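Asks: Questions regarding the structure given below will be posed in turn.
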Amino acid sequence: MIKIAPSILNCDFTNLKESIWLVEKAGVDMLHLDIMDGHFVPNISFGPQIVKSIKKITKLPLDVHLMIENAQEFISIFARAGARIITVSAEAINLREGIEAIKKEGLEVGVALKPQTPVESLLNYLNQIDMALLMTVEPGFGGQKFISSVLPKIAHLRDYISKNRLDVDIQVDGGIDLNTARLTVDNGANILVSGEYIFGSPDPRKAIADLRRVCNLSQKKSASK
Ligand code: DX5
Ligand code: ZN
């Protein structure tokens, strides 16, 4: 079953509560929260205070994607703010220490790779993590164009995970719409982050239903191959 994780990055923050309730009612699986510091990425988003407020108004698991330097120092802060999953960026942290710190908080561990970072850098850690996030845009902004050269990376990682009988989700993030969602699922992704496609739609409920329909069809097709 494919999971859907709406990203609130480009939401109208004066209507954040309504936006979150809307996707929660539409039956999404988690809420994706992009934390940016203006150093690791050329943009600044929001911090633990906002995560804490969001935690109070939703039952959705909070999937916190850290695009920050010194992530190590912030893991327990985001844990206390209510994260269920914390994803660190492989290029910005000592992975062994980062993974250990997230586990110590009793949370699920995600590791993100930028589009150009080879999956090989992650293989030795796969037995210690819950989710690999393959960025399908350069991290920093919502609403960017999907980078299709990441597709073989997804396929390669899924193949490795299956062959080694590992239990690791593959999340994709950036430029996910109906078309690119299908492509990523065909290649082995099973958690889709989507911002602009969902919240930029005149009918986010329908956008989510369409996404689920297309992905599940595509998954059925690959299962029957
Ligand atoms: C980009 C963020 C994404 C972004 C996705 O750095 O990690 O989560 O919000 O937004 P869309 O779906 O609009 O590309
Ligand atoms: Zn993200």
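Asks: Hey, got the dipole for segment 3-224? About the Cα centre, +1 on K and R Cβ, -1 on D and E Cβ, debye to the nearest 20?
Replies: Charge dipole, segment 3-224, about its Cα centre: 740 debye, nearest 20.
Asks: For Tyr197, Tyr125, what ranking results if the residue with the fewest other Cβ atoms within 10 Å of its Cβ goes first?
Replies: Lowest count first: Tyr125, Tyr197.
Asks: Follow-up. Past the 22 Å Cα-Cα mark, which pairs from Lys3/Lys59; Lys3/Lys153; Lys25/Lys55; Lys59/Lys145? Spell out each step's value before the answer.
Replies: Numbers: Lys3/Lys59 16 Å; Lys3/Lys153 20 Å; Lys25/Lys55 16 Å; Lys59/Lys145 31 Å.
In this structure, Lys59/Lys145 lie more than 22 Å apart at Cα.
Asks: Oh, and also: Which whole-Hz couplings ³J(HN,Hα) result when phi for each residue of segment 75-81 is put into the Karplus expression 6.51 cos²θ - 1.76 cosθ + 1.60, θ = phi - 60°, listed in order with x for Gly and Pro?
Replies: 4, 5, 5, 6, 5, 5, 6
Asks: As a check on your grasp of the helix formula, calculate [θ] at 222 nm for the chain: sum -39500 (n - 2.57) over DSSP H runs of n ≥ 4, divide by the residue count, round to the nearest 500.
Replies: On the way: 9 runs with 87 residues, N = 225.
That calculation yields -11000 deg cm²/dmol at 222 nm.
Asks: Tell me which of Asn179, Ala155, Pro202 sits at the most positive position along the dipole axis of segment 144-211, charges placed on C-beta atoms (Lys, Arg +1; Asp, Glu -1).
Replies: Going by the Cα projections, it comes out as Ala155.
Asks: Can you give the relative contact order of the chain as a percent, counting alpha carbon pairs under 8 Å and 6+ residues apart?
Replies: So the answer I get is 20 percent.
Asks: Quickly rank 148-160, 202-214, 26-38 as a protection proxy: mean count of other C-beta atoms within 10 Å, highest first.
Replies: 26-38, 148-160, 202-214
Asks: Residue by residue, what Karplus-based ³J(HN,Hα) values in Hz, rounded to whole numbers, does segment 195-203 have, using 6.51, -1.76 and 1.60 with θ = phi - 60° and x for Gly and Pro?
Replies: After applying 6.51 cos²θ - 1.76 cosθ + 1.60, I find x, 4, 4, 7, 7, x, 7, x, 9 Hz.
Asks: Report the Cα centroid-to-centroid distance between segment 41-116 and segment 123-164 in angstrom, as an integer.
Replies: If we compute the Cα centre of each part, the gap is 17 Å.
Asks: Next question. Mind checking which aspartates and glutamates have their Cα closer than 18 Å to the Cα of Lys104? Skip sequence neighbours fewer than 8 apart in that chain.
Replies: Straight-distance partners of Lys104: Asp63, Glu73, Asp130.
Asks: What does the convex hull of the Cα atoms of the chain come to per residue, in Å³, rounded to a whole number?
Replies: Spelled out: Cα convex hull of the chain, divided by residues, is 111 Å³.
Asks: Take the Cβ-Cβ distance between Leu178 and Glu138 as r, set R0 to 30 Å, and report the resulting FRET efficiency rounded to the nearest 0.05.
Replies: Calculated value: 0.85.
Asks: I've got another one for you. Under the classification rounded if a/c is under 1.5, otherwise prolate if a/b is larger than b/c and oblate if not, where does segment 132-225 fall, given a ≥ b ≥ c as square roots of the Cα gyration tensor eigenvalues? Spell out each step's value before the answer.
Replies: Values: a/c = 2.25, a/b = 1.35, b/c = 1.66.
Oblate, because a/c is 1.5 or more while a/b does not exceed b/c.
Asks: Where nothing but the Cβ of Lys and Arg (+1) and of Asp and Glu (-1) is charged, how large is the charge dipole of segment 110-190 around its Cα centre, in debye to the nearest 20?
Replies: 160
Asks: I would also like to ask the following. Just to check I understand the Karplus step: with θ = phi - 60° and J = 6.51 cos²θ - 1.76 cosθ + 1.60, what whole-Hz values come out for segment 177-193, glycine and proline as x?
Replies: 10, 4, 6, 6, 4, 4, 4, 5, 5, 4, 8, x, 6, 10, 10, 10, 8
Asks: Express as a percent, rounded to the nearest 5, the fraction of DSSP beta bridges in the chain (both residues included) that run antiparallel. Before the final figure, lay out each step's value.
Replies: Details: 1 of 32 bridges.
Roughly 5 percent of the DSSP beta bridges within the chain come out antiparallel.
Rule-based calculations on the coordinates, nothing more; no lab input. Treat the numbers as computed from the prediction; the structure is a model and nothing was measured. For neighbour counting, all protein chains shown are included, and Cβ atoms are generated from backbone atoms with ideal geometry for every residue, glycine included.
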